[in-house]
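Notes for the one structure printed next.
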Amino acid sequence: FQVNHPGDFSLSPIKPKLNVLSVMSPAGCSHVNGYKVDNWKQNLRVIYQCFVWSGTAETRRRKAKSCICHMCGAHLNRLHSCLYCVFFGCFTKKHIHEHAKNKRHNLAIDLLYGGIYCFVCQDYIYDKDMEQIAKEEQRKAWKLQGTPLLFLRIGEKYTTWEPTKRELELLRHNPKRRKITTNCTIGLRGLINLGNTCFMNCIVQALTHTPLLRDFFLSDRHKCEMQSNSCLVCEMSQLFQEFYSGHRSPHIPFRLLHLVWTHARHLAGYEQQDAHEFLIAALDVLHRHCKGDDNGKKANNPNHCNCIIDQIFTGGLQSDVTCQVCHGVSTTIDPFWDISLDLPGSSTPFWPLSPGGDGSTVNGESHLSGSTTLTDCLRRFTRPEHLGSSAKIKCGGCHSYQESTKQLTMKKLPIVACFHLKRFEHSAKLRRKITTYVSFPLELDMTPFMASSKESRMNGQYQQTVDVLNNDNKYSLFAVVNHQGTLESGHYTSFIRQHKDQWFKCDDAIITKASIKDVLDSEG
Amino acid sequence: MSKESRMKATINQKLTEMGERERLKELLRAKLTECGWKDQMKAHCKEVIKEKGLEHVTVEDLMVEITPKGRALVPDSVKKELLHRIRAFLAQHAT
């Protein structure tokens with residue numbers, strides 16, 4: 001599952017006749033030369049700091065008070081400031097234009113976006129030096145703002161791409177462009193089975209179709225610090241290149257397989273392995289090999305890692321142990337990459353979901369069909385569990401061993417949530433596969449399972465209406481891995497989502513179009 | 001200035017002072033990107049540029065062309081959410 005992703009990956013075509021490459025260099029105008037005298041840089045910085053991107057409380061107060069049109073008092077209407085003197089005027093009502101004409105002050109700055117307007121050219125101009133100052137001041141203001149609302153979690157604020165000299169060169173030498181349309185199949189490629197490696201192939205398909213991961217690798221964000229050739233992240237990068245190369249023949253992932261065997265010995269060998277185990281092992285190795293990408297922050301340690309794997313896949317699971325005598329709660333939060341869910345039919349009883357039972361419907365599902373749903377599994381996962389008299393916990397409040405209940409909830413949701421249905425039972429007596437059908441939705445709201453929701457419920461605030469406007473906890477399905485067959489011999493296939501609503505079935509080297517119904521009817 | 005515009009000015013002052021205006025701008029930017037509005041506007045801009053010719057088009061031309069369409073295409077849910085945020089903020093900081 002992945003949080004509703006803004007838009008989708010798209011390359012805009014650069015048509016030769018527009019000659020965009022020459023326009024991309026900032027087009028200044030000669031009329032700024034009159035301004036660029038004496039201490040102009042500092043003056044310009046002050047204008048940006050005080051009236052455009054006010055970073056401090058003081059500048060904000062000053063902006064609030066003084067940024068109004070000197071002619072009509074309005075604060076809207078695209079307010080501009082004269083660059084030559086202290087004058088604010090609306091653009092829409094042409095008050096700034098009047099000032100420019102009367103005083104022959106030909107430059108003004110847009111207080112909303114920081115653009116420089118030249119009244120002689122009658123358009124916004126892009127002077128390289130001024131642009132540089134604007135960028136720096138904007139960055140400064142963002143930093144001062146504290147917790148920025150919507151920085152990309154990669155750690156930088158989104159800015160539009162500006163090619164470097166080297167990139168422009170590369171673009172010129174490679175004029176072929178590929179346009180991504182809504183039904184193009186770029187990114188889809190089969191994988192040859194190298195001998196029971198379908199478990200790996202499925203996970204690779206899921207990973208190469210994780211949008212944030214794809215964007216990370218396709219924009220070359222990995223800086224390798226490993227001396228040897230055995231960096232799995234580099235291999236991943238290569239893999240993305242292969243998948244998005246446009247080649248239609250299946251890829252042979254022998255190097256990837258070899259690296260996985262090297263770094264995750266327990267998965268080596270040609271027998272069938274567990275896809276879920278592979279996912280966790282792969283994420284672990286990738287996380288360990290991401291050392292170069294931290295941008296100088298703390299080295300890889302499980303609590304402070306900022307690598308791409310942690311940013312995308314790591315969530316926080318809260319465990320609350322409540323003493324039954326003094327009702328004191330002991331809370332721990334552990335990081336997780338996936339949620340493993342028990343299924344009905346296993347040796348541990350599934351129903352009822354919680355002591356006392358809870359009849360509310362979550363995510364609009366009903367039990368008319370009689371089948372278990374993913375949210376049933378999640379409700380069971382987050383139910384309060386009596387730990388019983390044989391498992392007493394030492395209570396810090398009572399200073400003695402007491403019976404307690406334990407409850408798991410989500411403290412922090414990952415960007416990509418992986419749910420693992422525990423179909424393979426390896427208990428002392430038997431090893432078998434549980435084939436109970438579990439239905440899952442295309443869209444999943446994790447709000448009921450959050451630690452914060454549990455707190456509101458305990459405080460008596462029953463959430464009767466789901467906050468439709470809040471998308472923070474909502475997920476969109478984008479990959480499903482299925483296993484057919486038995487524990488001894490079986491085969492893995494996967495469904496992955498391309499673009500907004502196109503699904504494909506990946507069976508090793510064979511990729512076929514699939515319907516949403518195929519996906520939702522599959523076992524999971 | 002009319003009473004309404006005076007009220008607007010006061011609200012704007014408060015929002016700016018407390019940095020809420022910037023936060024709302026960011027929220028709006030994200031919401032409009034998420035729902036595809038930004039891409040729609042970008043596509044429309046490209047059309048206008050093609051029509052007018054890259055050498056002759058000004059920012060003003062683009063503004064005039066896309067403002068009405070842009071205003072109309074903002075989803076109601078986004079408007080509702082922003083309104084809700086502003087109301088909540090004003091309630092919190094009522095003088």
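The values are calculated or read from the model by the stated rules, or taken from the named source; none is laboratory data. Keep in mind the model is a prediction, meaning the values are calculated, not measured. Cβ coordinates were reconstructed from backbone atoms using ideal geometry, including for glycine residues, and neighbour counts include every protein chain displayed.
Quick look at the values:
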| quantity | calculated |
| --- | --- |
| Pick from segment B:20-36, criterion touching a residue at least 40 places away in the same chain (Cβ under 8 Å) and either under 21 Å from A:TRP53 (Cα atoms) or part of a helix (DSSP H, G or I) (or both), ranking: nearest to the other protein chains (Cβ to nearest Cβ) | B:LEU27 |
| Matching option when the condition is loosely packed, with under 12 Cβ neighbours inside 10 Å, under 25 Å from A:ILE116 (Cα atoms) and out of contact with any Lys or Arg (no Cβ under 8 Å at 6 or more places or on another chain), among B:GLU22, B:GLU26, B:GLU55 | B:GLU55 |
| Contacts under 7 angstrom Cβ, first residue in segment A:57-74 being more than 8 Å from chain B (Cβ to nearest Cβ) and surrounded by fewer than 18 Cβ atoms within 10 Å (Cβ to Cβ), partner at pLDDT below 85 and in a loop (DSSP other than H, G, I, E, B), 6 or more apart | none |
| Test result for B:LEU90, more than 10 Å from every other protein chain (Cβ to nearest Cβ) and without any contact (Cβ under 8 Å) to a residue 24 or more places away in the chain | no |
| Conditions (1) of a type outside the set (Gly, Ala, Ser); (2) closer than 23 Å to A:TYR117 by Cβ; (3) surrounded by fewer than 13 Cβ atoms within 10 Å (Cβ to Cβ); (4) within 10 Å of another protein chain (Cβ to nearest Cβ): number failed by B:HIS84 | (2) |
| Test: residue in segment A:485-496 that is among the charged types (D, E, K, R) and either in a strand (DSSP E or B) or surrounded by 12 or more Cβ atoms within 10 Å (Cβ to Cβ) (or both) | no |
| The listed residue being away from chain B (no Cβ under 11 Å), within 24 Å of B:LYS25 (Cβ to Cβ), part of a helix (DSSP H, G or I) and in contact (Cβ under 8 Å) with a residue 24 or more places away in the chain, out of A:ILE109, A:ILE47 | A:ILE47 |
| Residue list for segment B:10-19, restricted to those being surrounded by 17 or more Cβ atoms within 10 Å (Cβ to Cβ), hydrophobic (A, V, I, L, M, F, W, C) and assigned to a helix (DSSP H, G or I) | B:LEU15 |
| Residue check, A:ILE116 at pLDDT 90 or above and among the β-branched types (Val, Ile, Thr) | yes |
